[in-house]
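The values are calculated or read from the model by the stated rules, or taken from the named source; none is laboratory data. Here the structure is a predicted model, which means the values were calculated and not measured. Because the Cβ atoms are built from the backbone with ideal geometry, glycine has one as well, and the counts that use them run over all protein chains shown.
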Amino acid sequence: MSLDPLWLTLRYAGLSTLFCIPPGMLLAYVLARREFPGRDILDATASLPLALPPAVLVYYLLSALRRWPLAFSWRRALALSTIYTLPLLMRMSRAALAAVDHSFEDAARGLGASEWRVFWRITTPLAWRGLLAAILAGLARAMADFGITAILVIRYRDAAPDTAETIALLLLIGAAVLAALYAGNRLQRGRAPA
Amino acid sequence: MIQARVAAFGLDVEFQAGSGITALFGPAGAGKTLTLDAIAGLLAPRSGRIILDDEILFDGASRVNLPPRRRHCGYISRHWALFPHMSLRDNLLFPVTHLARLERRRRVKEMLERFSLQDAAPRRPRAVSPVERLRCVYARALIGEPKLLLIDEPSSGLDIALRAEWHTILRRVREETGLPVLMATRDLETCYELAGNMLLLDAGRVLQSGPPRKVLDQPASVEAARLLGIRNLFLAEIVALDPGRNTSRLRLEAFELAGPYFPGRLLGDRVWLCVQPGELRVGPYDGSKPQSNQVAARLERAVEMPRSVRLEFAGAIVADIARPDFEPRKDNKEWLVEFPPQALRVL
């Protein structure tokens with residue numbers, strides 16, 4: 001049995017999760033800690049991909065890019081997977097950041113720290129379990145989405161797919177997703193009282 | 001020196017504070033923490049002005065609003081907020097990272113020595129005793145050499161040992177640094193013991209200010225007296241006033257009292273009469289006619305206090321007496337309460 005599809009999945013899911021982290025964290029921080037007009041609209045828009053069925057999302061995006069009919073490209077798949085993973089990662093990170101007690105951040109500001117320093121030295125270290133759990137959940141999501149689709153596409157392009165091998169690969173992906181989710185949950189449960 | 005004139009969320013306070021400890025005293029919800037937060041820059045008032053030394057921290061009219069990090073206030077919030085993921089030493093280093101390395105280390109070392117924290121320095125806040133945590137909070141607030149120290153006393157009482165330590169630290173800060181301190185508290189004893197000046201705050205307004213002893217002895221109004229927990233407030237009418245013999249007569253609901261002359265009051269004025277519970281004299285009532293300024297009263301309740309017994313009589317009269325004086329008469333119901341003329345104050 002060739003494990004190539006599995007490595008491919010891991011690589012692409014990992015990459016798309018990585019791409020998600022900077023915008024996801026930024027959005028999460030802004031939504032958790034800043035008051036500004038249009039905040040709720042930004043929140044809803046950023047969460048939209050979570051609510052739409054994947055097929056609809058793909059259709060929208062490809063139409064918008066004028067790449068219809070569907071032509072498979074890895075770069076495009078990666079972009080889609082990133083957009084699809086972002087809201088989950090963002091929402092979970094936001095919850096983690098919001099759970100950090102304001103008084104620590106206020107104390108740091110009073111002690112002369114800039115907002116940048118408050119974020120890196122206070123907020124992030126205090127929220128790291130939740131943030132890591134968010135990243136793991138994002139990874140699980142990307143693996144499930146990307147992996148299962150990719151395996152099925154690759155397999156069924158062949159004339160006579162080996163069903164047993166396909167099922168084995170899907171099970172392996174499922175196991176990897178399960179492991180990521182389990183690790184994330186354990187992390188969050190291990191959170192010590194502040 | 002700090003001047004603040006703040007109007008925010010229904011808070012409207014105006015005061016100046018010099019060196020030494022100024023207490024913001026008031027009940028929960030009076031706006032004490034709000035005032036401190038506004039000075040520290042954690043919230044922006046709707047209008048007003050806050051000046052520290054000669055620097056404008058906030059001015060509503062000209063839209064000046066310095067961020068907290070540029071206000072040079074040491075703020076000890078009620079949460080203390082020692083960073084739980086850092087050792088005590090790193091907590092102390094946090095405010096001084098902009099300094100040169102040698103100076104940084106010198107200051108941290110000095111603070112650790114001054115607050116006897118050398119042994120606890122490598123440990124995290126959770127792993128040290130509450131007393132060490134408290135010391136570290138103060139060391140961290142002082143290490144950046146603030147121009148003003150803001151303190152929000154934890155409202156859910158400190159235990160006795162911690163409170164003693166807290167008072168010791170504050171006394172040392174007052175003596176060693178001469179730093180102006182603004183301290184929010186709900187504890188009258190703390191005001192009395194530590195503060196040179198107090199501001200009586202209620203529902204977002206300053207009711208009265210002055211040295212604690214003076215405020216307690218001469219509450220400016222009934223509201224102030226109630227806030228200070230003063231009992232024995234009676235509505236009275238002045239029925240006689242004689243400045244020559246320094247006397248007056250006051251008519252209360254059920255009886256009349258002789259008092260000293262009250263300057264600035266007129267005949268017929270309706271005033272609030274106030275007597276400290278410790279200044280009333282009480283004794284058992286034997287049925288004979290009460291003398292001048294004595295009133296027969298029925299005892300409703302006797303409450304044990306840490307250092308005395310508080311007697312609550314019918315007619316909302318409250319008197320404190322020493323325990324040895326009370327023990328032999330504790331079953332007595334009818335008492336004679338004497339109002340010494342010099343103990344009477346009108347508000």
Checked B:GLU256, B:GLU312 against criteria (farther than 17 Å from B:PRO219 by Cβ, surrounded by 15 or more Cβ atoms within 10 Å (Cβ to Cβ), of a type in the set (D, E, K, R) and under 31 Å from the mean Cα position of the chain (by Cα)); the one match is B:GLU312
When the stretch B:240-259 is examined, which residues are found to be in a loop (DSSP other than H, G, I, E, B) and touching a strand residue (DSSP E or B) at 6+ places or on another chain (Cβ under 9 Å)? B:LEU252, B:GLU253, B:ALA254, B:PHE255
Pairs where the first residue, in the stretch A:53-69, is surrounded by 12 or more Cβ atoms within 10 Å (Cβ to Cβ) and the second is modelled with pLDDT of 75 or more, C-beta under 6 Å, 6+ apart: A:LEU57/A:PRO49
Among the residues of the stretch B:1-28 satisfying the criterion of being modelled with pLDDT of 80 or more and surrounded by 20 or more Cβ atoms within 10 Å (Cβ to Cβ), which is farthest from B:ALA44 (Cα to Cα)? B:ILE21
Of the residues A:THR85, A:THR149, only one is under 26 Å from A:ASN185 (Cα atoms), touching a Cys at 6+ places or on another chain (Cβ under 8 Å), part of a helix (DSSP H, G or I) and away from every other protein chain (no Cβ under 14 Å); which? A:THR85
What is the one condition in (1) under 21 Å from the mean Cα position of the chain (by Cα); (2) modelled with pLDDT under 85; (3) among the small types (Gly, Ala, Ser) that B:SER292 does not satisfy? (1)
Which ones in the stretch B:187-228 are among the β-branched types (Val, Ile, Thr) and either within 21 Å of B:ARG172 (Cα to Cα) or crowded, with 18+ Cβ neighbours inside 10 Å (or both)? B:THR190, B:VAL206, B:VAL215
How many residues does the stretch A:113-123 hold that are more than 10 Å from chain B (Cβ to nearest Cβ) and either over 24 Å from the mean Cα position of the chain (by Cα) or without any contact (Cβ under 8 Å) to a residue 40 or more places away in the chain (or both)? 2
Regarding A:ARG109, is this residue in a helix (DSSP H, G or I), within 14 Å of another protein chain (Cβ to nearest Cβ), over 22 Å from A:GLN188 (Cα atoms) and modelled with pLDDT of 90 or more? yes
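Listed here are the residues, each with its yes/no results for (1) of a type in the set (A, V, I, L, M, F, W, C); (2) in contact with a His (Cβ under 6 Å, 6 or more places away or on another chain); (3) more than 30 Å from B:GLY31 (Cβ to Cβ).
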{"site": "B:PRO95", "(1), (2), (3)": "no, no, no"}
{"site": "B:MET111", "(1), (2), (3)": "yes, no, yes"}
{"site": "B:CYS136", "(1), (2), (3)": "yes, no, no"}
{"site": "B:ARG140", "(1), (2), (3)": "no, no, no"}
{"site": "B:GLY144", "(1), (2), (3)": "no, no, no"}
Residues that are within 9 Å of chain A (Cβ to nearest Cβ) and buried (at least 19 other Cβ atoms within 10 Å of the Cβ): which strands (runs of 3 or more DSSP E) entirely in the stretch B:36-128 hold 2 or more of them? B:73-76
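Let's see how each residue does on (1) closer than 24 Å to B:ARG186 by Cβ; (2) part of a loop (DSSP other than H, G, I, E, B):
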| residue | (1), (2) |
| --- | --- |
| B:GLN208 | yes, no |
| B:ARG213 | yes, no |
| B:ALA225 | yes, no |
| B:PHE234 | no, no |
| B:ILE238 | no, no |
| B:TYR261 | no, yes |
| B:LEU267 | no, yes |
| B:GLY283 | no, no |
